[in-house]
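The values are calculated or read from the model by the stated rules, or taken from the named source; none is laboratory data. All values derive from a computational prediction rather than experimental measurement. Counting neighbours? That spans all protein chains shown, and the Cβs are built from the backbone with ideal geometry, glycine included.
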Amino acid sequence: MNTTVYHKLACRLAALLMLPALLFVASCKEDLDEDNLYTFTGETIESYLANRPDSFSNFNYILKRAGMDKILSAYGTYTCFAPTNEAVMAYIDSLYADTSCKIEHNGMTAPGLEGLSDSLCNDIAKFHLAASEVMAINMQNGMTIRTMLGRDVNTSIDSVSGRTVVNAYSLITKMDNEMENGVIHIVDNVLRRSNLLVTGEMSNHPDLFTIWKAAIDLTGLEDSLLDVERKTTVPSNAATYKFYCPEKAVLGYTIFAETDSVLKKHGINDINDLIAYANRVYEHCADPGTGWYDYYRNKGVKVSTGDDYRSPYNCLNMFLRYHIAKLRVPYNKLVTSYNEVSGVPLYDYWETMLP
């Protein structure tokens, strides 16, 4: 058979075979229930906020001062926790009226929006934004979200209302407002951020960590928990092979700290009781032949029960360092519900500051 004729016949046959499928698709399209389809309004996150000044003009003012309005007008995928006008004003008033802050009025020059500094606008704006889309279903079991400020926010479920709360304070009143470039969750309070380091946060809760804070002070371990970042070394061949190298590494720490009430249940009522407890646990841990802590035992380390609490071989110092990991572990990373198998115990291992 002539090749050209063969090709023509093959094409006609293929067209005939495809015709029923095309007719079927067309008939299916007629039966679609459009009531269940979400229709995008064509709004970006920025235009959504700008088009509703009665609700979001204050937050949008802050976004514009920080230059984030342009980013939220462009193509991308973002999550925005948008506080209402009332929430923004309540927060700003609290900043200006705060008499306990180290910087007068927290750096504000006057009451109201115009009194905010550029740095405050930048911090507030970026702490309410994430460079990825996080939907309500992702937050059901609690999760940690990295914001564009470089700090995390945590979600949880309010035990009373059953609704999602961010940082245990800001209730999401309306979730999953899908935009062309991401999603908006409306919150009833500005997300509160802290400039405190981990040990400073302990000082903020004297009703919980009096004993632990006293132990941190005695051992001087706070000095080991101050670094928040370090510069990285870029390999000399990075430019040649065109691979990305971050200029800095973000550092973090996790303290598994018993509260005063937990310690008191075990007869530890003050710092002296904690010292005595640490001595009992660690005094003989590195004894030759019988010690259970083989890392120190094999190195011939002599553990001390003396009062040089800054020594890494002191019992109190060892006790505290066993509770501290040199990495930041958000709560949702401690549980692996998405990977659980019924009846199978799951384990994870964290290396602490005690070798």
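Looking at (1) loosely packed, with under 10 Cβ neighbours inside 10 Å; (2) assigned to a helix (DSSP H, G or I); (3) in the same structural domain as Gly112 (by TED's automatic domain parsing); (4) at pLDDT below 95, can you tell me which one Tyr75 breaks?
Looking at each condition in turn, Tyr75 falls short on (2).
Does Ala87 fit the bill of being closer than 20 Å to Phe56 by Cβ and modelled with pLDDT of 95 or more?
When the stated conditions are applied, Ala87 passes them.
Which pairs do you get when a residue that is assigned by TED's automatic domain parsing to the domain that holds Leu320, found in segment 259-287, comes within reach of a residue that is acidic (Asp, Glu), reach meaning Cβ atoms under 8 angstrom, with the pair 6+ apart or on two chains?
Asp260/Asp207; Leu263/Asp273; Gly267/Asp273
Which condition number in (1) touching a residue at least 24 places away in the same chain (Cβ under 8 Å); (2) touching a helix residue (DSSP H, G or I) at 6+ places or on another chain (Cβ under 9 Å) is the one that Met139 fails?
Result: Met139 passes all but (2).
Is there any pair with a first residue in segment 212-236 that is free of Cβ contacts under 8 Å to residues at least 24 places away in the same chain and a second that is of a type in the set (Lys, Arg) and exposed (fewer than 15 other Cβ atoms within 10 Å of the Cβ) whose Cβ atoms are under 7 Å apart and which are 6 or more apart or on different chains, and what are they?
Glu229/Lys248; Arg230/Lys248; Lys231/Lys248; Thr232/Lys248
Picking from Thr259, Thr290, which residue would you name as being farther than 16 Å from Ala214 by Cβ and among the hydroxyl-bearing types (Ser, Thr, Tyr)?
Among Thr259, Thr290, only Thr290 is farther than 16 Å from Ala214 by Cβ and among the hydroxyl-bearing types (Ser, Thr, Tyr).
Can you go through Asp93, Asp54 and tell me which one is farther than 20 Å from Tyr169 by Cβ and either at pLDDT 95 or above or outside any loop (DSSP other than H, G, I, E, B) (or both)?
Asp54
For segment 85-112, what are the residues that are surrounded by fewer than 20 Cβ atoms within 10 Å (Cβ to Cβ), of a type outside the set (Phe, Trp, Tyr) and touching a residue at least 24 places away in the same chain (Cβ under 8 Å)?
Asn85, Met89, Ala90, Leu95
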